[in-house]
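Everything below concerns the one structure shown next.
The values are calculated or read from the model by the stated rules, or taken from the named source; none is laboratory data. Owing to the predicted nature of the structure, the values given are computational and were not obtained by experimental measurement. Using ideal geometry, Cβ is built from the backbone for each residue, glycine included, and neighbour counts are taken over all protein chains shown.
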Amino acid sequence: MRNVKMLSALLVVAASAWLAAGQAPPAANVTLFEGARLIAGDGRAPIENSAFLVENNKFSKVGRKGELPAPAGAARVDLTGKTVIPALVDPHNHIGYTNQKTGVSSKDNFTRATLIDHLQRYAYYGVAATMSMGLDRWDVNPELPYQLRTEVIPNAALFLTVGRGIAATPMAGPTATYRLGVPYGAMSEAEGRKDVEELLARKVPIIKIWVDDRNGTVPKIQPNVYRAIIDEAHKHGTRVVAHIFNLVDGKDLLRAGVDGFAHGVRDKDVDDEYMALIKQHPAVWVEPNLPDPGLTAADIDWLTDTLPASQIKRMRDQIASRTPAELKALQDAFGIQCRNLKKIHDAGVKIAFATDAGVDVGWTVHTELADMVRCGLSPAEAIVAATRTAAEITKLDQLGTVAAGKSADFVVLDANPLDAIANTRRIASVYLRGKAVDRAALRASLSTP
């Protein structure tokens, strides 16, 4: 009690000294950021020479420099010549398996240390939150994902999870060895409903299903089963997102009431019937998760901040070793998805950003943005997809835009991404929950072999 009284007395003395000097005491946890071009993430034109106030880790006021009063004593940050965008949100990852320093993927890597490393990589590249989409290794660390989703880790993106996804069998999800056996299996309506009940007990925000036979190598969830899954989820107010490949499955899932697609149609160009169906369901979102269109060495040269030289070399060697036939196959696959994205986007379908990250983590948000623009979205539209829309589908209402009352999660850029989307890579600083990410410390730890 004596110490408390002494502290109170000291505070009174300090405040008196400020007043005696004719100054107001410094405002605690208040910072005014001034001078930047502000792209708020809401689709409106940028605010040139902006000002925004951050109080207690939230945006409290947004306006123009000189027009925005700040509490006396507030800290000030001059962002003249910079551009600010909201921190990004990635609603689709499969992190926790690949050691980014060695390139080795294993189910044994599914540890707290690996997941935090990946969340720090996301933060370094300007991501505020990311969602694990159905591949949590329940047999290695079953409680870990659910523990992480409640934590706020310094210098790291927030972690969300949908738990285990549902495929026809546990071996009918992703084909990589370290991912086999993760999904629930549902060969009957009863099994599908039971799987949904177990996931709802974990309070997951979305149910993930795989409707894909992997070129005929595995069984596919049957329509009556995914209808039961969708029905059970909707009874409890929970949404269902479907991984698809084939146009025919996309059509039937729309008829079944699916809420979103993780990946668009990939086997062929969408037709008029599909376009009519998707227009009838305006709330359905599509995460393109665009594939590698044929990256060049220049596309990875900027990654030295967070990858050891050995990994940069490995990636360069992989690019250099591609045959003309392999490169054409990549470009053909990209072309189908690119055309489909442009067509549904132009028709007004809700486009959400996502990366499907797992083997490569963090930096791929910027290649996905560039790919979306390459497919016909404007830079402003791609940014909205990666901020406001991505936050909406993950139900992270506190993220996605720079607006009063939102969490102060934003990225300061050295150049304007509306001029060239690649400028999102020119990051000067990242702020998460009102605090600057220590990117220098992350550079030192993440790139060290």
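Looking at the stretch 68-176, the strands (runs of 3 or more DSSP E) lying wholly inside it that each contain 2 or more residues that are crowded, with 22+ Cβ neighbours inside 10 Å sit at 83-86, 88-93, 127-132, 158-161. Tallying residues that are within 21 Å of the chain's Cα centre (by Cα) and more than 17 Å from residue 230 (Cα to Cα) within the stretch 164-179 yields 2. Quick one: would you say residue 418 is in contact (Cβ under 8 Å) with a residue 12 or more places away in the chain, out of contact with any Asp or Glu (no Cβ under 6 Å at 6 or more places or on another chain) and buried (at least 18 other Cβ atoms within 10 Å of the Cβ)? Spelling it out, it is not the case that residue 418 is in contact (Cβ under 8 Å) with a residue 12 or more places away in the chain, out of contact with any Asp or Glu (no Cβ under 6 Å at 6 or more places or on another chain) and buried (at least 18 other Cβ atoms within 10 Å of the Cβ).
Any residue at all in the stretch 292-302 that is without any contact (Cβ under 8 Å) to a residue 12 or more places away in the chain and closer than 30 Å to residue 448 by Cα? So far as the stretch 292-302 goes, yes, one or more of its residues are without any contact (Cβ under 8 Å) to a residue 12 or more places away in the chain and closer than 30 Å to residue 448 by Cα.
Residues are listed down the side, and each one gets a yes or a no for (1) assigned by TED's automatic domain parsing to the domain that holds residue 388; (2) under 29 Å from residue 120 (Cβ atoms):
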residue	(1), (2)
32	no, yes
41	no, yes
50	no, yes
57	no, yes
63	no, no
107	yes, yes
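Taken as a whole, the stretch 338-359 holds at least one residue that is surrounded by 22 or more Cβ atoms within 10 Å (Cβ to Cβ), of a type in the set (S, T, N, Q) and part of a helix (DSSP H, G or I).
Of all residues in the stretch 52-95, count the ones that are within 26 Å of the chain's Cα centre (by Cα) and at pLDDT 95 or above. Step through it out loud before you land on a result.
Start the filter on the stretch 52-95 by keeping residues that are within 26 Å of the chain's Cα centre (by Cα), which leaves 52-62, 79, 82-95.
Retained after the next criterion (residues that are at pLDDT 95 or above): 52-55, 57-62, 79, 82-95.
So the answer is 25.
Would the stretch 399-420 turn up any residue that is in contact with a Leu (Cβ under 9 Å, 6 or more places away or on another chain), of a type in the set (Gly, Ala, Ser), part of a helix (DSSP H, G or I) and not assigned by TED's automatic domain parsing to the domain that holds residue 64? Within the stretch 399-420, none of the residues are in contact with a Leu (Cβ under 9 Å, 6 or more places away or on another chain), of a type in the set (Gly, Ala, Ser), part of a helix (DSSP H, G or I) and not assigned by TED's automatic domain parsing to the domain that holds residue 64. Each residue in the stretch 299-329 was checked for being assigned to a helix (DSSP H, G or I) and within 24 Å of the chain's Cα centre (by Cα), and 9 of them qualify. Of the residues making up the stretch 27-61, those that are in a strand (DSSP E or B) and either of a type outside the set (A, V, I, L, M) or farther than 20 Å from residue 435 by Cβ (or both) number 12.
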